[in-house]
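Engineer: Submitted below is the structure of interest, expressed as structure tokens.
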Amino acid sequence: MKASTFTLATLLAVASQSTMAAELDLTITNLTQGIHFTPLLVTAHNSEDKLFEVATEASTALQTMAEGGNIAELMAQATAAGSDMAANPAEGLLAPSSSTMTTLMTTDGNDYLSVTAMLLPTNDGFVGLDSWKIPTEAGTYTVYLNAYDAGTEQNNELVVEGSGAPGTPGIPAAPGGDAGTGGAGLTSTDSNINVHIHPGTLGDDDLTAGNSDLSNTVHRWLNPVAKLTVTVK
């Protein structure tokens, strides 16, 4: 009888520990040479709520972020789901090789961590982390983040200022000031309309003509594109 009581108490303690609140210190580092991150959104959420999911069609909220850098709809979605969030910790763009830090207090049941931000200059590329299980043991953990393609727009690699509205082709901005103009545009054969690993940019070496407005040296990348350091207290 005593053994059964002890076992039940232990199981209840373990279950409680798996959903307990936590304090997280987060550092996000942009690992790219020439890509800026738009305002970041970090959420701690339950197993059902997701900012995005690979191999599924992007939500309207994700499309709005991936094509124009606007996280407002994803924030509204997270709020409605009862998620905890840290929005725009860098207070604007996160430049190449730069880092930003924030603290996130999670509530019971929000055991998963997600991150997202648009990549500029791209058409609909974003850096992402989908539903990483937050450790229950205190310590410091490192996670590397990949670049994803939202699958909502063809990657024509043309910088068209103000084209960040969903469904309007083109790159809305090149914040590094190192993109070209006058490109003819790439003809994409990518027919994957689901969220998938970004194929990267092709670019060219002609900043006044050519097919692409992007540089084939400055704006290219290989995954991962970001490093996330999580300290669980």
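No value in this document is a laboratory result; all are computed from the given coordinates. Treat the numbers as computed from the prediction; the structure is a model and nothing was measured. A quick note on method: Cβ atoms are made from the backbone with ideal geometry, for glycine too, and the neighbour counts reach across all protein chains shown.
Engineer: Grab the chain and count how many Lys pairs have their alpha-carbon atoms under 27 Å apart, sequence gap of 8 or more, or different chains.
Structural biologist: Taking the chain as the scope, the lysine pair count is 5.
Engineer: In addition: Please list, in chain and number order, the residues 5+ apart from residue 146 or on another chain whose amide H is under 5 Å from its amide H, with Hs placed from the backbone.
Structural biologist: 128, 225
Engineer: Let's test this: bin the Cα-Cα distances of the chain at 5 Å from zero up to the farthest pair and state each bin's percent.
Structural biologist: Percent of Cα pairs in each bin: 1, 7, 14, 18, 18, 14, 10, 6, 5, 3, 2, 1, 1, 1, 0, 0, 0.
Engineer: Now for a separate question. Nearest 20 debye, what's the magnitude of the dipole of region 37-121 about its Cα centre given +1 on Lys and Arg Cβ and -1 on Asp and Glu Cβ?
Structural biologist: Using only the charged Cβ atoms, the result is roughly 240 debye.
Engineer: For region 165-233, with equal point scatterers placed on the C-alpha atoms only and solvent neglected, what are the log10 I(q)/I(0) values from the Debye formula at q = 0.26 1/Å, to two decimals?
Structural biologist: -1.33
Engineer: I would also like to ask the following. Springs between alpha-carbon pairs under 10 angstrom, Gaussian network model over the chain: which of 123, 110, 192 fluctuates most?
Structural biologist: 192
Engineer: Let me ask you something else. Extending each Cα 7 Å along its Cβ direction at residue 101 and residue 142, get the distance between those two points in nm, one decimal.
Structural biologist: Inter-label distance under the simple model: 1.7 nm.
Engineer: Right, something else. Quote the charge dipole size of region 58-171 about the Cα centre in Debye, to the nearest 20; the model charges only the Cβ of Lys and Arg (+1) and of Asp and Glu (-1).
Structural biologist: 120 debye
Engineer: Still on this model: Once you list every other residue whose beta carbon is under 11 Å from the beta carbon of residue 118, what net charge do they have if Lys and Arg are +1 and Asp and Glu are -1?
Structural biologist: My count for the surroundings of residue 118 gives -2.
Engineer: Another question about this same structure. For region 119-233, what D do you get in µm² per second when you plug the Kirkwood radius from alpha-carbon pairs into Stokes-Einstein at 37 °C and 0.692 mPa s?
Structural biologist: After rounding, the answer is 213 µm²/s.
Engineer: Out of 108, 213, 124, any idea which swings most in a Gaussian network model of the chain, alpha carbons joined below 10 Å?
Structural biologist: Greatest mean-square fluctuation among the candidates belongs to 108.
Engineer: Now a separate question. Mind listing which GluC sites (Glu not before Pro) in region 70-144 are in a DSSP loop and have 16 or fewer other Cβ atoms within 10 Å?
Structural biologist: Those satisfying the criteria are 91, 137.
Engineer: Continuing with the same structure: Which of 105, 85, 65 moves the most in a Gaussian network model of the chain with Cα springs under 10 Å?
Structural biologist: 105
Engineer: What is the sum of charges, Lys and Arg at +1 and Asp and Glu at -1, for the other residues whose Cβ falls under 10 Å from the Cβ of residue 169?
Structural biologist: -3
Engineer: Something else now. Grab the DSSP H runs of the chain that are 4 residues or longer, score each as -39,500 (n - 2.57), total them, divide by all residues and round the 222 nm result to the nearest 500 deg cm²/dmol.
Structural biologist: -4500 deg cm²/dmol
Engineer: Where the centre of each part is set by its Cα atoms, how far does region 201-227 sit from region 108-168, in angstrom?
Structural biologist: After rounding, the separation between the Cα centres reads 19 Å.
Engineer: Moving to a separate point now. About the Cα centre of the chain, how large is the charge dipole given +1 on each Lys and Arg Cβ and -1 on each Asp and Glu Cβ? Please answer in debye to the nearest 20.
Structural biologist: With Lys and Arg at +1 and Asp and Glu at -1, about 820 debye.
Engineer: Pop out the ³J(HN,Hα) list for region 138-150 in order, Karplus 6.51 cos²θ - 1.76 cosθ + 1.60 with θ = phi - 60°, rounded to Hz; leave Gly and Pro as x.
Structural biologist: Per-residue couplings from phi come out as 4, x, 10, 10, 10, 10, 9, 10, 8, 9, 10, 9, 5 Hz.
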